[in-house]
Structure formats: structure tokens, C-alpha cells
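Worksheet: the structure to be examined is printed underneath.
The values are calculated or read from the model by the stated rules, or taken from the named source; none is laboratory data. Remember, predicted model here, so these are calculated numbers, not experimental data. Here Cβ is always computed from backbone atoms with ideal geometry, including for glycine, and neighbour counts include all displayed protein chains.
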Amino acid sequence: MNLKAALLVTLPLLVAAAPVPSEIPAHFDLKTSSYDYTRRVVEIPMRDGVKLHTVILIPKRVTHAPILLTRTPYDADALTSYGDPNGGDGAASAHLRMALDGYDNNEDPDLIRTYIRVVQDVRGKHGSEGEYLMNRPPVGPLNHSGIDEPTDTYDTIDWLVKNIPESNGRVGTIGISYNGWTTLMSLFHPHPALKVAVPMNPMVDGWMGDDWFHRGAFRQDGTVNYVYEQEATRKSDLKWWPEAYDDYSVFLKYGNADAIARSHGDDQLGFWNKLEQHPAYDDFWQVQAVDKLLAKEPLTVPVLLVHSLWDQEDIYGDIAVYKAIKPKDRNNDMVYLAMGPWHHGGELDAGDHLGPIPLGMETGAYFRSHILRPFLDHFLKDDAPPLNLAPVTAFQTGTNHWKRFDSWPAGPITPTQLHLLPNGAASLADVPASGTVAGTYVSDPAKPVPFIPRPMHLLPDGEADAWRNWLSTDQRNVATRPDVLTFTTDTLKKPVQIAGEPVANLVAATTGTDGDFVVKLIDVYPDEVPQTPEIGGYQLMVSADILRGRYRNSYSDPAPIPPGQNQTYRFGLPTTNHVFLPGHKIMVQIQSTWFPLYDRNPQTYVDSIFTAPAVAYKPATITVSTASYVELPLVTGPK
């Protein structure tokens, strides 16, 4: 649905007297260099009088440096402290700041002395005044206050360029995840000093495919605790507590998402109640979807969108924004896209492995040195060095090489059907459409398919690597379950290259009146891989997603599934840039639970799955037709 009302025009900033900053000299040593800077802490006044806590890091000896601004709900003090006894994670914050500044062990250490870094708490979090609202909607139908993240960003930039004499007056915004979302907010009615924005893995549309839902299926594991820790207190100092080591058993015990949320007090928090009140893609979600909003805005600030191809949290947003704003880039020199083989935020790591699969290079270091740093320098430095950067730079997994493209997806692309056939077969060859049965399984909500091997200990501070890397987890852990259908091609004799979004086209019948459908596109490695024998037979998910069956015809108007009748469940999978190599196989897995990451569908139609009663959860038999296929974005032109 279209936006009902345009965003209000940003008001001119009412400049207040500049607060006197506290100034602390600081120093730390890395292996090969030292970095001396001045740390200023200021409370910057917004147009409504609310003051936002802001930390400014100014390298010594700079006299005309650009500003890189990050606005965050995650504690500006902690992110800019080294060994802070009050909670600053020295190693993490050093890594964060140096990565964003372009620092790498193989680079010139002097590079870290050329940017002024500013980190600010968003209103209502940590040191900032005001009320915190999760993903505060822009001024419009859901926000009549006249204040939003775009106005706060505008006012902050205005203060910074007027009160930091060491700056050159040019500002870039940058951030990951929620901070990537605030970076996108800077593009609405941008301040004239804003010269570049780098949203990395941003939250864009929480219903379609980012943090909260994926096409109606609620992402409960990771949401119930996040909402609690973000909204319960200003300083996020109340932590979610697990009741057992294995998340699987805890979520199964409570039954529905509402029950586990209430057991920890989420029902007393505003955003949790909004999630429960808006399970469908209604106006609440549509009028704040950032890609839809940006599609209506002029493109005036160069943007580098940074996308992780195995992003376990926000795999939808970057590509959605790219589709929305790229048509405005008439000269192909304003919107840039970088895609790498990373988990959420993995561009800050070495990036030399995808799970256990070696990539042959440090892709994160390459990104920071050859993409991020040149982009920032070109648009923010006084001398404006030339930019030798393709509009799209994407790492191609399989061959493990960086590729440069003029646009995405990179063509020519021929949509090609990977047919699902009886006896677990799959084929790229043309086959006559028929209504025969490709496979049948029973989905039992009492025994849901785990999304990673048990035990799962993700909440609150458990197996971090298990969460970061779950999308690259070996799918052999579920391939032989009777409630997972597996379809596999013959061994490939030549490479199969895909670039873009696969599309699941599932034709299936269920004995239930509702149900979820998970489709996974998988690269099956040869049984023997001499160089790395531990990945022999590995089943790597290349692209996978879920659709809640009640939304098969309309995301905004759910409807029961007629039992026993074939229905078409067609939905896009996350974008890919992959080559299935000779000797490998292409596999598709289909299942109806992905637990406890996604809440269980009772498979009986109820008004709200959040509060579904125990008696509604019933087994259902799903029959998949041979009319089903996965449409691959097959590259048929020059490789």
C-alpha cells in the first residue's frame, strides 16, 4: 500500500548556545601503531530542547578532517571506550572503530588518524534525554510529533559542523543493523553537510524479511529477548534470563510466542504489543518500510549499501533499498552496492571462512581496504581522490572471487526452473508439467524441525558463533528427517552460476487450514574434498526463506488454506551470487517448521498465532506436486 501522507518538511534548526564539552585525552596501543586522540563528550540540543549524549573522537594533529557519524541505541560511551570499567568492551569497540575508519593490519596505520568519529545515543537510550521508541517512525501517519530520527540527525550534523573547528565541514553517516537504519534515516531531508551514507546490514522492513517477521512468520528466538533488553530500561541493563540451557525445549514448553513473552514481562513493553497487534502486513508496517519511503525521496546523497549474503538478521533490507533508489541514479554514480560472504556485521571481521568453508582470502579486510575506505575518502576528503569503484562489487562464492558489475542483478539472466520430481530428484532440464506427487511429509508441531542442531543456547549471551553462522550450518543435520523433503540433482558436469533472487514456486496441499513453508536452496559438496576433508558432503544453504501460508495470496489479508486442495506458494528467496561447481549437486529442502527461530504455526487457522491455544496445534500432511520448482536466476551470458 502507498504511503498515506508525505513526511513533514524538516524544520530549520533553532541554534541554542553550544554546551561546553568535557575533553579527555586518550591513547591506546595496537601491535604496530599508537593512536592519540581527544575524546569530547557533549550533550547536543535538538529543536525540541531534548539533549542527545554524543561522544566525539578527534585524532590529534588533524586540522581539516571529515566527520563520520554513527547514531545508536547501543551505548555511545561503551562503543568509544577502551577497557572502560563501567562496561565498555575495549576489544570490541577498538575493532568497531578501527574497522569503520578503514584500519587493517596490512594498511598504513596513519589512515586511522584522518577521520573524526562521532557516536551518539539516540533519544531515550543510555545518556540521551527523551523517550525511546523502537525504530521511531518518521513524521507522518504514525508520528505527529514533528520529531523523528531524520530531524535528530539533521540537528546533530548542524551542531557538529558549527562546533568542531577541526572538521572540514563534510559529514558521512555509517552504521550496522539498527545503526544502519539510523544511517538510512539521515537520507530524509538531509543536512547540506551530509555528503555520504553507508548503511550496513540495515533494518528496513521488519515484516517482509528483516528482524521481526519473514513474510508473516514471526522470528521469536532473538526477538522476545531483544525487545525486552532494549525497551525495559534506558540503559539496557536488565537482561533476558534463560530457563534452561536448550532454547528449543524452553520455547516448546511455552507453546506460543505470547506465553513466553508474558513470562518475562514483554507484554508490558510498547513495541512487543505492536508486534502482537500487527501480525499482517498492514498500514503499520507499510507506512514505515524504509525502502518504500526512500522511493519517494529525491536522491541527493551518495550511498554505499553493504549487504551480507548470509545475514542471519537483516538479509532483506539492503537489496530492497537498492531496488527502491537505484532507478533514481541516472548517471550510475550515486548508489553503490557491496555484497560479501558474511554473517550480520561480518564485514568487520576477517571474512576468510563461510562457516567451516575456506574462502581463500580475507574478504572483510578486502572490503574495508578496497571498497569502504576509497568510497569514504572520495566523497569526504578535501583532495577528493578519484574513485575507481564499480557500482556493484560482489563476492562470488563457489569460485571465491570478487566481481565488478554495473548493476544488480548482473546479467544477462535467464530465469530457469529447477523442477522437483518424484523419488527426491531435481532437474534443470525441461520436464512436462504434471499434477503428480513429488513428495509427502507429516509436519507435527509437537516435533518441530530445529533450525540449528540441539542444544541451542542463544539467549541471552550464549553460543554467539552458532547464531552468527546458522545460515551456513550444514543442512545434513535435518536432511534425513521424515518431515523434511529433499530433492537433489545429479552430479553437475559443468558450473551453474546464479546471480540474483531465486524464487520458490511451491504447489502443495495440506490437510490443515494453515501452515508454514520453508524452501532452502543448497549446494551439496562432493563426498571427498582433498584439501579440506572436513567439508566433504557439506550441505551449504545458498538461499532460504519462509512463507506463512495464510499470506499466500495477500500479505495484508490472511485467509485459511482450503484443506486437501493444491495451492501455490510463490515467494522470493534472498539474493545470491554463487557458482555450483562441477562435482557438486544442487539440492532443495522443503519443511514446515524452523524452530525455535520461527514460532510454530498451529496448522489450524486461528485469528492470532501469537495466542494460539494448545488444542489448535495439530499434525498436518503436506503433499508437494511436481508442478513445484525453484526459479533460478541463471547467468547465461559472459561469466
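Observations, loosely collected:
- Figure legend. Inter-residue proximity from region 229-244: first residues within 16 Å of Tyr132 (Cα to Cα), second residues of a type in the set (Lys, Arg), beta-carbon distance below 7 Å, spacing 6+ or different chains. Indicated pairs: Glu229/Lys239; Arg234/Lys125.
- Restricting attention to region 176-229, the residues that are over 15 Å from the mean Cα position of the chain (by Cα), within 24 Å of Trp159 (Cβ to Cβ) and among the hydroxyl-bearing types (Ser, Thr, Tyr) add up to 1.
- Flag if Thr473 is more than 29 Å from the chain's Cα centre (by Cα) and buried (at least 17 other Cβ atoms within 10 Å of the Cβ): no
- In region 509-528, of all residues being assigned to a loop (DSSP other than H, G, I, E, B) and β-branched (Val, Ile, Thr), the one that is surrounded by the fewest Cβ atoms within 10 Å (Cβ to Cβ) corresponds to Thr511.
- Test: residue in region 376-391 that is closer than 23 Å to Ile535 by Cβ and touching a Lys or Arg at 6+ places or on another chain (Cβ under 7 Å): no
- When we screen Asp599, Asp607 for residues that are farther than 30 Å from Thr636 by Cα and in contact with a helix residue (DSSP H, G or I) (Cβ under 8 Å, 6 or more places away or on another chain), the only hit is Asp599.
- Any hit, region 490-508, residues being in a loop (DSSP other than H, G, I, E, B), within 22 Å of Gln220 (Cβ to Cβ) and either hydrophobic (A, V, I, L, M, F, W, C) or out of contact with any Cys (no Cβ under 6 Å at 6 or more places or on another chain) (or both): no
- Top-ranked residue in region 346-362 [being crowded, with 17+ Cβ neighbours inside 10 Å and in contact with a helix residue (DSSP H, G or I) (Cβ under 8 Å, 6 or more places away or on another chain); ranked as farthest from Val198 (Cα to Cα)]: Ile357
- No other residue among Thr151, Thr156, Thr173 is hydroxyl-bearing (Ser, Thr, Tyr), assigned by TED's automatic domain parsing to the domain that holds Val119 and within 20 Å of the chain's Cα centre (by Cα) apart from Thr173.
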